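Notes follow the structure.
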Amino acid sequence: MAQQIGYARVSTIGQTLDTQIQVLGRFGCAKIFREKASGANADRIQLRRLIRAVSNGDRVIVTRIDRLARSTFDLFAIVKEITEKGGQFYSIAEPWADTLTSTGRLMLAVLGGLADVERDLIRTRTAEGRARAIKEGVKMGRPAQISALKRQDIIQKRQDGKTLKEIARSFGISPGTVSRITTGADSHKSRKKKRTSI
């Protein structure tokens, strides 16, 4: 049978869920999933359990929209998951957020458009920030774990006849890393030699 499922969330451990639980209970929610986690946290265990529990005809209810999501993009994604499983969504504080009504469905479509805009804005800001950082000389990606000086030492030891394991042990790295460094050096030397001969 279809049921009303509540979702209550607070951001910090010190806050209480009591008021939300009481409101959801009065609204007819027999089952209430309770969470103490930030709305920005993508890994909300109870929310995941709720979505898995939704069946055709079930109605997911929250006291306010911000209990479910902190951004348009997240709200649209979560409500979309619920409706794709045949469930419905309703916010007590925002009655327009009701997917059972034509107005609610229209608002969901609008949210989808806003979520796309938000995603594009985030992508643009990220790209601009990255380009600005590169222009200012900031090196992107993980910092190199082995300095250029150590690389030269590794290459020299290999040329002196030391084994991969011996070098790896002395530098505290894996034999595979030693192999990549020395193979890369040989490859670079070969290309340089080829250009010189041309």
Tally up the residues in region 85-104 that are within 15 Å of Ile65 (Cα to Cα) and either within 27 Å of the chain's Cα centre (by Cα) or assigned to a helix (DSSP H, G or I) (or both), please.
7
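Name the residues in region 84-101 that are among the polar types (S, T, N, Q) and surrounded by fewer than 16 Cβ atoms within 10 Å (Cβ to Cβ), would you?
The initial filter retains those residues of region 84-101 that are among the polar types (S, T, N, Q), namely 88, 91, 99, 101.
Hit for region 84-101 is Thr101, nothing else.
Checking the condition among the polar types (S, T, N, Q) and either in the same structural domain as Gln15 (by TED's automatic domain parsing) or touching a Lys or Arg at 6+ places or on another chain (Cβ under 8 Å) (or both), which residue from Thr103, Thr124 passes?
On the way: Thr124 fails: either in the same structural domain as Gln15 (by TED's automatic domain parsing) or touching a Lys or Arg at 6+ places or on another chain (Cβ under 8 Å) (or both).
Being among the polar types (S, T, N, Q) and either in the same structural domain as Gln15 (by TED's automatic domain parsing) or touching a Lys or Arg at 6+ places or on another chain (Cβ under 8 Å) (or both) holds for just one of Thr103, Thr124, which is Thr103.
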Report yes if some residue within region 62-85 is of a type outside the set (D, E, K, R) and more than 20 Å from Ala97 (Cα to Cα); otherwise report no.
no
Pairs with Cβ under 7 Å, 6+ apart, first in region 162-175 and in contact (Cβ under 8 Å) with a residue 24 or more places away in the chain and under 18 Å from Ala148 (Cβ atoms), second assigned to a helix (DSSP H, G or I) and of a type in the set (Phe, Trp, Tyr):
none
When region 42-67 is examined, which residues are found to be over 16 Å from Glu84 (Cβ atoms), assigned to a helix (DSSP H, G or I) and in contact (Cβ under 8 Å) with a residue 24 or more places away in the chain?
Gln46, Ile65, Asp66, Arg67
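Look through Gly161, Gly129 and report the one residue that is out of contact with any helix residue (DSSP H, G or I) (no Cβ under 7 Å at 6 or more places or on another chain) and either crowded, with 16+ Cβ neighbours inside 10 Å or part of a helix (DSSP H, G or I) (or both). It would help to see each step written out before you state the result.
Details: Gly161 fails: either crowded, with 16+ Cβ neighbours inside 10 Å or part of a helix (DSSP H, G or I) (or both).
The unique qualifying residue is Gly129.
Hey, could you check region 1-15 for residues that are out of contact with any Cys (no Cβ under 7 Å at 6 or more places or on another chain) and either in a strand (DSSP E or B) or at pLDDT 90 or above (or both) and say which is surrounded by the fewest Cβ atoms within 10 Å (Cβ to Cβ)?
Here is the first cut: in region 1-15, the ones out of contact with any Cys (no Cβ under 7 Å at 6 or more places or on another chain) are 1-3, 7-15.
Subset that is either in a strand (DSSP E or B) or at pLDDT 90 or above (or both): 3, 7-10.
Numbers: Gln3: 15, Tyr7: 25, Ala8: 25, Arg9: 25, Val10: 19.
Looking at the filtered set, the residue picked out is Gln3.
Being closer than 29 Å to Lys80 by Cβ, exposed (fewer than 13 other Cβ atoms within 10 Å of the Cβ) and either among the aromatic types (Phe, Trp, Tyr) or modelled with pLDDT of 70 or more (or both): is that true of Ile134 here? Steps first, please.
Numbers: closer than 29 Å to Lys80 by Cβ: no; exposed (fewer than 13 other Cβ atoms within 10 Å of the Cβ): yes; either among the aromatic types (Phe, Trp, Tyr) or modelled with pLDDT of 70 or more (or both): yes.
For Ile134, the condition - closer than 29 Å to Lys80 by Cβ, exposed (fewer than 13 other Cβ atoms within 10 Å of the Cβ) and either among the aromatic types (Phe, Trp, Tyr) or modelled with pLDDT of 70 or more (or both) - is not met.
Just wondering, is there one or more residues in region 20-35 that are modelled with pLDDT under 90 and in a helix (DSSP H, G or I)?
For region 20-35, residues modelled with pLDDT under 90 and in a helix (DSSP H, G or I): absent.
The values are calculated or read from the model by the stated rules, or taken from the named source; none is laboratory data. Just so we're clear, the structure is a prediction, and the values are computed from it rather than from any experiment. Positions of Cβ are backbone-derived with ideal geometry, glycine not excepted, and every protein chain shown enters the neighbour counts.
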